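Have a look at the structure below, then the notes.
The values are calculated or read from the model by the stated rules, or taken from the named source; none is laboratory data. Since the structure is predicted, the reported quantities are computational estimates derived from the model, not experimental observations. Here Cβ is always computed from backbone atoms with ideal geometry, including for glycine, and neighbour counts include all displayed protein chains.
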Amino acid sequence: MTRTSILLVLALCASVKCLLGDFVTAKLGESVKLSASRSCTGDEKFTLIKRLKDDSPLTVALRVDGVWEPGLNYTSRISHHSVFGVVLSRLNINDNGLYEFTCGGEIVTLIQLEIFRATPVSVSEGGTVELPCYYYTAGELVKSVRWERNGSLVIEMDRASREIRYGTGFEGKGSVSANWYLEGNLSLTLKRAQLEDTGDYLCYIQQDEDAKRRRGHPAAATLTVSKRHPDPDHVCPKDEEKKGMESWSIVAITVFLTLVIVGPSAFVLGWWLKSCR
Ligand SMILES: *[C@@H]1O[C@H](CO)[C@@H](O)[C@H](O)[C@H]1NC(C)=O
Ligand SMILES: *[C@@H]1O[C@H](CO)[C@@H](O)[C@H](O)[C@H]1NC(C)=O
Ligand SMILES: *[C@@H]1O[C@H](CO)[C@@H](O)[C@H](O)[C@H]1NC(C)=O
């Protein structure tokens, strides 16, 4: 590529958001809503296409008489949502990529879909849990590390100032290592886990230039918080009572057996031995 053509690409990037569009993240196996920023007017052809890795277009859906219908390769996975768009379900890794809503051949909306796979992590209520995440930070202009739960802020720590911002409910509860940048360890530690902490946690680093975000590895963790089990050392009074009764019955049965069976047999045995002399 010559210098001028690179400049041309950069100029194009600036005008059409570098063909990146809005970022939408969705979880592997789940569903996502894809909508255009505006609808088509009149009888223009309104379609949703996906750009494959080799840049070839694949029709995902097209609007016919006001209703979105799936393209050939999407028959069982596309459903109509509104005049603006569709829901794509049972997401797979190949659903990653660039989606274009086009109106009469002209692009109206670009969407960059990112499918993430989440590591399952579980903790019981009140416990401490670590959600792993790493990123190769050496030599990269990194502004901050950021964690989100279901799309909202959990914690963000600035690299230079070490200033921390918390999402509601995570003040003093979530933390990342102060050395995160030096070691590339973005892992999140959550203390005093509560049932409402359940959700999908995604980790990112934000780059200096226009705060572009990059996902860490693994990109996400799905946290499950289970109800705390009763302490095994602590026995309820009812159980104790039951236990007491059980041991009493064992004693009673032993006494009964001794009196009714062993006693008379010993007597009979004694008498028999005596009579044999
Ligand atoms: C779309 O479906 C056709 C027919 O089933 C198939 O040949 C083609 O490989 C599919 N394309 C993609 C990108 O999945
Ligand atoms: C990453 O940091 C967490 C604490 O934030 C720590 O528990 C964990 O051991 C670190 N991982 C490695 C590989 O050092
Ligand atoms: C986050 O999303 C998960 C899965 O969609 C859901 O089960 C959980 O309740 C959500 N948590 C919050 C706090 O919204």
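With respect to the conditions (1) assigned to a loop (DSSP other than H, G, I, E, B); (2) touching a residue at least 40 places away in the same chain (Cβ under 8 Å), Val24 falls short on a single one, namely (1).
Conditions (1) surrounded by fewer than 17 Cβ atoms within 10 Å (Cβ to Cβ); (2) under 16 Å from Gly97 (Cα atoms), marked per residue:
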| position | (1), (2) |
| --- | --- |
| Ser35 | no, yes |
| Asp43 | yes, no |
| Leu52 | yes, yes |
| Asp55 | yes, yes |
| Pro70 | no, no |
| Ser79 | yes, no |
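Taking the criterion of being surrounded by fewer than 18 Cβ atoms within 10 Å (Cβ to Cβ) and of a type in the set (S, T, N, Q), the residues of the stretch 176-199 that qualify are Ser177, Asn179, Asn185, Thr189, Gln194, Thr198.
Filter the stretch 37-57 down to residues that are of a type in the set (A, V, I, L, M) and under 13 Å from Ile111 (Cα atoms) and give me whichever is farthest from ligand 1 (Cβ to nearest atom). Give the steps one after another, and end with the answer.
Looking only at the stretch 37-57, we keep the residues that are of a type in the set (A, V, I, L, M), and these are 48-49, 52.
Among the residues that remain, those that are also under 13 Å from Ile111 (Cα atoms) are: 48-49.
Values: Leu48: 15, Ile49: 12 Å.
It comes out as Leu48.
Being loosely packed, with under 15 Cβ neighbours inside 10 Å, of a type outside the set (Phe, Trp, Tyr) and outside the structural domain of Thr59 (by TED's automatic domain parsing) is a property that Gly139 has.
So Asp197 ticks every box in (1) within 23 Å of Ala26 (Cβ to Cβ); (2) within 16 Å of ligand 2 (Cβ to nearest atom) but one. Which box is left unticked? It fails just one condition, (2). Close contacts from the stretch 157-184, counting a first residue that is outside the structural domain of Tyr134 (by TED's automatic domain parsing) and a second that is part of a loop (DSSP other than H, G, I, E, B), with Cβ to Cβ under 6 Å and a gap of 6+ residues or different chains, come to none at all.
Check whether at least one residue in the stretch 189-199 is within 29 Å of Leu113 (Cβ to Cβ), in a loop (DSSP other than H, G, I, E, B) and not charged (D, E, K, R), and report yes or no.
yes
Residues in the stretch 87-109 that are over 19 Å from Arg214 (Cα atoms), assigned to a strand (DSSP E or B) and not polar (S, T, N, Q): 9 in all.
In the set Thr47, Thr25, Thr75, which member is modelled with pLDDT of 80 or more, of a type in the set (Ser, Thr, Tyr), over 25 Å from Leu202 (Cβ atoms) and surrounded by 12 or more Cβ atoms within 10 Å (Cβ to Cβ)? Please lay out each step first, then the result.
Working: Thr25 fails: over 25 Å from Leu202 (Cβ atoms); Thr75 fails: surrounded by 12 or more Cβ atoms within 10 Å (Cβ to Cβ).
Result of the check over Thr47, Thr25, Thr75: Thr47.
Please determine, by comparing only the residues of the stretch 110-136 that are assigned to a loop (DSSP other than H, G, I, E, B) and among the charged types (D, E, K, R), which one is surrounded by the most Cβ atoms within 10 Å (Cβ to Cβ). Talk me through it step by step, then tell me what you get.
So the first thing to find is which residues in the stretch 110-136 are assigned to a loop (DSSP other than H, G, I, E, B), and the list is 117, 125-128, 132-133, 135-136.
Checking which are among the charged types (D, E, K, R) leaves us with 117, 125.
Numbers: Arg117: 12, Glu125: 14.
The selected residue is Glu125.
Every residue in the stretch 142-168 that is among the small types (Gly, Ala, Ser) and either surrounded by fewer than 14 Cβ atoms within 10 Å (Cβ to Cβ) or not in a loop (DSSP other than H, G, I, E, B) (or both), please. Can you show your working first?
Let us first name the residues in the stretch 142-168 that are among the small types (Gly, Ala, Ser), namely 144, 151-152, 160-161, 167.
Of everything in the stretch 142-168, those that are among the small types (Gly, Ala, Ser) and either surrounded by fewer than 14 Cβ atoms within 10 Å (Cβ to Cβ) or not in a loop (DSSP other than H, G, I, E, B) (or both) turn out to be Ser144, Gly151, Ser152, Ala160, Ser161.
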